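Trainee: Quick one: structure below, then a few questions.
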Amino acid sequence: MLRPQDGPTRERRSLGGLWRLRLDPEGAGRTEGWWRSPLTAAVDIPVPASYNDIFPDATVRDHVGDAWYQTSIWAPARWAGERIVLRFDAATHRATAWINDTEVVTHEGGYTPFEADVTAHVRPGAENRVTVVVNNELTWESIPPGRVEERPDGRRTQRYFHDFFNYAGLHRPVWLYTTPRTHISDITVATSFEATTGVVDYRVDSTGEADTVRVALRDASGAEVATATGAVGTLRVPDVHPWAPGDGYLYELVATLSDTSGGIVDDYRQSVGVRTVETRGKQFLINGDPFYFKGFGKHEDAAVRGRGHDDVLMVHDFALLEWTGANSFRTSHYPYAEEVLDYADRHGVVVIDETAAVGLNLNIGGGVFKTGKVATFSSDTIGERARHTHLQAIRELVARDKNHPSVVLWSIANEPDNVQPEARDYFAPLAAETRRLDPTRPVAYVNALMGSPDQCAVTDLFDVVLLNRYYGWYFGPDDLAAAETELEAELRQWAERHDKPIVITEYGADTYPGLHSAVPSPWTEEYQTELLDVYHRVFDRVDAVVGEQVWHFADFATAPGVFRVDGNKKGVFTRERRPKSAAFSLRARWRKAD
């Protein structure tokens, strides 16, 4: 799915700003047809943003069910005759939208875009009503999973199995845009090298009939360096400037549809970074060179905004990544806004791109039940319908992000059950489909400490071993000597059993900012720093380890409860982006390595 853009044949309008919001815990709006008229009893709400933390009201923060958004828009009169599209970059976790009185689109999945051709329903040169109902309920069929429980007093609460707050709403931009009736519908690029020549294989999909498809590649100065004709072809660039970590060099591919007289029918511009990614034994290679991941797991999370995309915070976070010396991050635990990947492309930051499949393990932290082992994958829990939803999430992730050079690895799940035999039946078709959709990138899942390397039923299905490990915190807290011994022993077991690169995608400790102790102890800044040092010593001794991504970049919100004090405090920065002592320690390690 191509993003909206302005150009010779296209025009876009942001629908961001203040909309009207009405919560609907009883689900009355669908029966009563709230989309047919202006919302009553509604309040102003900014878009994009989560609605949960904007108002000092627990019923808003903890709302379960439908939330109705509405705004009025003017479509320019000059758009008459054009194809008009309504696009939502994300609506968490599912949505249905109307233009005036007509339903135009329904979508499942909270972190990938969806759109509808609304040409027949929008009145150019007139005011139009846009209504969307967003539902935040998690079920056994959704990704991520969860279940809604009813308390004795009748209140509905959401139970979910992931350790971050279930923010909801229109988290990312909303657009109204135009294309010609005959238009470019998709572009796919894959890059490689022939010595110093860059090779760009491309495919341009289009609708309708156009006489000619012409493709041109321009360098950063705007000079045309390669051209081709045809919907499928190859561009060769002598003395190519590769995209590389720390060097976000981008070319621009311009695809043009022309009619028989040579007139332009449609035009689209796609950024291209020429680079290769592969695994070779225990090495992870970018452009044929070994790459070592230094960075973080992150969240789209900020005070008041919740998960709402914000350019100011995005640029600041990237600046802090650079300050620490980080070269990468994982989109834990869902696809991030496309603006984030664009920024990573331009600045040479490497990304592990992850689906929203988190919480697929009912045996972590007691799971959904209190005691004993339970079946994560079954007809009563996460079954065939959940896998169907998961598969669609993978398809939408790859379709959206396939052309980003910063994305070097697909992670299709975080900490799922990986021991029970049913796990293999669940994940084998997902791994195979991801490779079919994109054979140019490795595929992985993130492993939790639930079984030894010889017990894992799925690692051989994947290309990279991604491990989340908490020796010295959840396992053996306040015993860093034991943590060092146990971590090294386990990593060597993984290295011996699998000839694959290992990236530690989570390690760290909760740390309350400003809490200090002469003798490091849990929750102090000193303990966080020493724990990271322990892990780093082990990583440096195990050759198969090709990356370290600390959990977490910054403190973030979680579900309220007695086990989290104002959220998860594993960040090396506070939620307000103030550095803890560990941030300076990481900066010394990572920048020295440069």
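Trainee: Search the stretch 256-273 for residues being out of contact with any Leu (no Cβ under 6 Å at 6 or more places or on another chain) and assigned to a strand (DSSP E or B), and hand back the single one that is surrounded by the fewest Cβ atoms within 10 Å (Cβ to Cβ).
Mentor: To start, the set of residues in the stretch 256-273 that are out of contact with any Leu (no Cβ under 6 Å at 6 or more places or on another chain) comprises 256-264, 267-269.
Still in the running and assigned to a strand (DSSP E or B): 256-258, 264, 267-269.
Numbers: Thr256: 20, Leu257: 26, Ser258: 17, Ile264: 15, Asp267: 19, Tyr268: 24, Arg269: 17.
Of everything passing the filter in the stretch 256-273, Ile264 is surrounded by the fewest Cβ atoms within 10 Å (Cβ to Cβ).
Trainee: Can you tell me which of (1) more than 21 Å from Pro4 (Cα to Cα); (2) buried (at least 17 other Cβ atoms within 10 Å of the Cβ); (3) charged (D, E, K, R) is the one Glu141 doesn't meet?
Mentor: (2)
Trainee: Consider the stretch 385-424. How many of its residues are more than 26 Å from Asp163 (Cβ to Cβ), modelled with pLDDT under 95 and of a type in the set (D, E, K, R)?
Mentor: Looking only at that region, the number is 0.
Trainee: Across the stretch 226-247, which residue is nearest to Val204 (Cα to Cα) among those that are of a type outside the set (A, V, I, L, M) and outside any strand (DSSP E or B)?
Mentor: Of the residues in the stretch 226-247, the ones of a type outside the set (A, V, I, L, M) are 227, 229-230, 233-234, 236, 238-239, 241-243, 245-247.
Now narrow it down to the ones that are outside any strand (DSSP E or B): 230, 238-239, 241-243, 245-246.
On the way: Gly230: 8, Pro238: 23, Asp239: 25, His241: 23, Pro242: 23, Trp243: 22, Pro245: 28, Gly246: 29 Å.
Only one residue tops the list, namely Gly230.
Trainee: State which residue is nearest to Thr227 (Cα to Cα) when the search covers only the stretch 274-288 and only residues that are open to solvent by 10 Å² or more (accessible area, probe 1.4 Å) and not in a strand (DSSP E or B).
Mentor: Arg275
Trainee: Additional query: Quick check: is even one residue across the stretch 13-29 out of contact with any strand residue (DSSP E or B) (no Cβ under 7 Å at 6 or more places or on another chain) and among the aromatic types (Phe, Trp, Tyr)?
Mentor: no
Trainee: Another question, then. Name the residues in the stretch 234-247 that are crowded, with 16+ Cβ neighbours inside 10 Å and under 11 Å from Val215 (Cα atoms), would you?
Mentor: Here is the first cut: in the stretch 234-247, the residues crowded, with 16+ Cβ neighbours inside 10 Å are 235, 237, 240-245.
Correct list: Leu235 only.
Trainee: Of the residues Asp454, Asp463, which is among the charged types (D, E, K, R), open to solvent by 30 Å² or more (accessible area, probe 1.4 Å) and modelled with pLDDT under 95?
Mentor: Numbers: Asp463 fails: modelled with pLDDT under 95.
It is Asp454.
Trainee: Quick one: how many residues across the stretch 452-484 are polar (S, T, N, Q) and out of contact with any strand residue (DSSP E or B) (no Cβ under 9 Å at 6 or more places or on another chain)? Lay out the reasoning, then the answer.
Mentor: Of the stretch 452-484, the ones polar (S, T, N, Q) are 452, 455, 459, 468.
Filter once more, keeping what is out of contact with any strand residue (DSSP E or B) (no Cβ under 9 Å at 6 or more places or on another chain): 452, 455.
Residues in the stretch 452-484 being polar (S, T, N, Q) and out of contact with any strand residue (DSSP E or B) (no Cβ under 9 Å at 6 or more places or on another chain): 2 in total.
Trainee: Taking the options Thr505, Thr529, Thr524, name whichever one is at pLDDT 95 or above, under 27 Å from the mean Cα position of the chain (by Cα) and among the polar types (S, T, N, Q).
Mentor: Numbers: Thr529 fails: under 27 Å from the mean Cα position of the chain (by Cα); Thr524 fails: under 27 Å from the mean Cα position of the chain (by Cα).
Sole residue among the options that is at pLDDT 95 or above, under 27 Å from the mean Cα position of the chain (by Cα) and among the polar types (S, T, N, Q): Thr505.
Trainee: If Ser185 meets every condition in (1) on the phi > 0 side of the Ramachandran plot; (2) small (Gly, Ala, Ser); (3) more than 20 Å from the chain's Cα centre (by Cα) apart from one, which number is that one?
Mentor: If we test Ser185 against (1) on the phi > 0 side of the Ramachandran plot; (2) small (Gly, Ala, Ser); (3) more than 20 Å from the chain's Cα centre (by Cα), just (1) comes out false.
Trainee: Still on this model: With respect to Gln392, is the statement that it is of a type in the set (S, T, N, Q) and without any contact (Cβ under 8 Å) to a residue 60 or more places away in the chain true? Break it down into steps so the answer makes sense when it comes.
Mentor: Working: of a type in the set (S, T, N, Q): yes; without any contact (Cβ under 8 Å) to a residue 60 or more places away in the chain: no.
Criteria not met by Gln392.
Trainee: Let me ask something additional. Checking Pro124 against (1) modelled with pLDDT of 95 or more; (2) in contact with a strand residue (DSSP E or B) (Cβ under 7 Å, 6 or more places away or on another chain); (3) not in a strand (DSSP E or B): exactly one of these is not met. Which one?
Mentor: In the conditions (1) modelled with pLDDT of 95 or more; (2) in contact with a strand residue (DSSP E or B) (Cβ under 7 Å, 6 or more places away or on another chain); (3) not in a strand (DSSP E or B), Pro124 misses (1) alone.
Trainee: With the requirement that a residue be under 28 Å from the mean Cα position of the chain (by Cα) and of a type in the set (D, E, K, R), what does the stretch 444-495 give you?
Mentor: Of the residues in the stretch 444-495, the ones under 28 Å from the mean Cα position of the chain (by Cα) are 444-451, 453, 456-471, 473-474, 491, 494.
If the condition is that a residue be under 28 Å from the mean Cα position of the chain (by Cα) and of a type in the set (D, E, K, R), then Asp460, Asp463, Arg469 are the ones that fit.
Trainee: From the list Leu397, Leu321, exactly one residue is farther than 30 Å from Tyr426 by Cβ and open to solvent by less than 10 Å² (accessible area, probe 1.4 Å). Which is it?
Mentor: Being farther than 30 Å from Tyr426 by Cβ and open to solvent by less than 10 Å² (accessible area, probe 1.4 Å) holds for just one of Leu397, Leu321, which is Leu321.
Trainee: Just name the residue that is nearest to Gly308 (Cα to Cα) out of those in the stretch 336-350 that are aliphatic (A, V, I, L, M) and either in contact with a Gly (Cβ under 9 Å, 6 or more places away or on another chain) or open to solvent by 10 Å² or more (accessible area, probe 1.4 Å) (or both).
Mentor: Only one residue tops the list, namely Val340.
Trainee: Can I ask one more? Looking only at residues that are out of contact with any strand residue (DSSP E or B) (no Cβ under 7 Å at 6 or more places or on another chain) and part of a loop (DSSP other than H, G, I, E, B) in the stretch 571-594, which one is nearest to Thr529 (Cα to Cα)?
Mentor: Arg578
Trainee: Okay, moving on. In the stretch 36-67, which residues are open to solvent by 30 Å² or more (accessible area, probe 1.4 Å) and in contact (Cβ under 8 Å) with a residue 40 or more places away in the chain? If you could, list the steps in order and put the result at the bottom.
Mentor: First, the residues of the stretch 36-67 that are open to solvent by 30 Å² or more (accessible area, probe 1.4 Å): 36-38, 40-41, 43-44, 46, 48, 53-59, 61-62.
If the condition is that a residue be open to solvent by 30 Å² or more (accessible area, probe 1.4 Å) and in contact (Cβ under 8 Å) with a residue 40 or more places away in the chain, then Arg36, Pro38, Pro46, Pro48, Asp53, Ile54, Asp62 are the ones that fit.
Trainee: Still on this structure: Being farther than 25 Å from Ala41 by Cα, touching a His at 6+ places or on another chain (Cβ under 8 Å) and surrounded by fewer than 20 Cβ atoms within 10 Å (Cβ to Cβ), is that true of even one residue in the stretch 79-99?
Mentor: Within the stretch 79-99 (the criterion being farther than 25 Å from Ala41 by Cα, touching a His at 6+ places or on another chain (Cβ under 8 Å) and surrounded by fewer than 20 Cβ atoms within 10 Å (Cβ to Cβ)), the answer is yes, since at least one residue qualifies.
Trainee: Taking the conditions exactly as written (out of contact with any Cys (no Cβ under 7 Å at 6 or more places or on another chain), modelled with pLDDT of 90 or more and outside any loop (DSSP other than H, G, I, E, B)), does Arg441 satisfy them or not?
Mentor: On the way: out of contact with any Cys (no Cβ under 7 Å at 6 or more places or on another chain): yes; modelled with pLDDT of 90 or more: yes; outside any loop (DSSP other than H, G, I, E, B): no.
Answer is no for this residue.
Trainee: Can you tell which of Val130, Val148 is in contact (Cβ under 8 Å) with a residue 60 or more places away in the chain and closer than 21 Å to His63 by Cβ?
Mentor: Numbers: Val130 fails: closer than 21 Å to His63 by Cβ.
Result: Val148 is the single residue among Val130, Val148 that is in contact (Cβ under 8 Å) with a residue 60 or more places away in the chain and closer than 21 Å to His63 by Cβ.
The values are calculated or read from the model by the stated rules, or taken from the named source; none is laboratory data. These numbers come from a predicted model, not from an experiment. Counting neighbours? That spans all protein chains shown, and the Cβs are built from the backbone with ideal geometry, glycine included. Surface accessibility is based on the protein's heavy atoms, side chains included, excluding ligands, DNA and RNA. Shrake-Rupley method; radii C 1.70, N 1.55, O 1.52, S 1.80 Å.
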